[in-house]
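What follows is one structure encoded as structure tokens, with my remarks underneath.
Here, each number is a calculation from the coordinates, and none is a lab measurement. Quick caveat: nothing in here was measured; it's all calculated off a predicted structure. FYI the Cβ positions are ideal-geometry reconstructions off the backbone, even for glycines, and counts take in every protein chain you see.
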Amino acid sequence: MIKELIKKKCFYDYRIDGKYWGIVIDGTGLFTFRTKHCEYCLKREYKNEETGEKKTIYMHHVLEAKLLIGDMVFNCIRIY
């Protein structure tokens, strides 16, 4: 959809200096697990300073590129 709108020049008035697109790169966590979910899980270990107890959390993160058009944001790319 976004590709077609760009081809039709619907967003050209929103370009920066008439030639650049506003792109935001955002990394965030999607899921957390108490046990290892799959071979791609990232691992974070926490240690309680008072008790010395260790806790391990497994997680999945994502990196997204978003196109800014006026007051709208479009997700363009998502990398897991």
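Numbers below:
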| read-out | value |
| --- | --- |
| Gaussian network model of the chain, springs between alpha carbon atoms under 10 Å - residue of 19, 54, 66 with greatest fluctuation | 54 |
| For the chain: relative contact order, % (alpha-carbon pairs under 8 angstrom, 6 or more apart) | 30 percent |
| Extension reserve of the residue 20-residue 42 stretch, reckoned as 0.36 nm per residue once the Cα distance is removed | 4.4 nm |
| Gyration tensor (Cα) of segment 1-76, equivalent ellipsoid semi-axes in angstrom | 42, 14, 8 |
| For the chain, built as a Gaussian network whose Cα springs stay under 10 Å, the top-fluctuating residue of 39, 64, 49 | 49 |
| Sum of side-chain charges, residue 9 neighbourhood, beta-carbon under 15 Å (Lys, Arg +1; Asp, Glu -1) | +3 |
| Calculated FRET value between residue 34 and residue 76, using beta carbons and R₀ = 35 Å, to 0.05 | 0.60 |
| Surrounding net charge for residue 43, when Lys and Arg each add one and Asp and Glu each subtract one, Cβ distance under 15 Å | +4 |
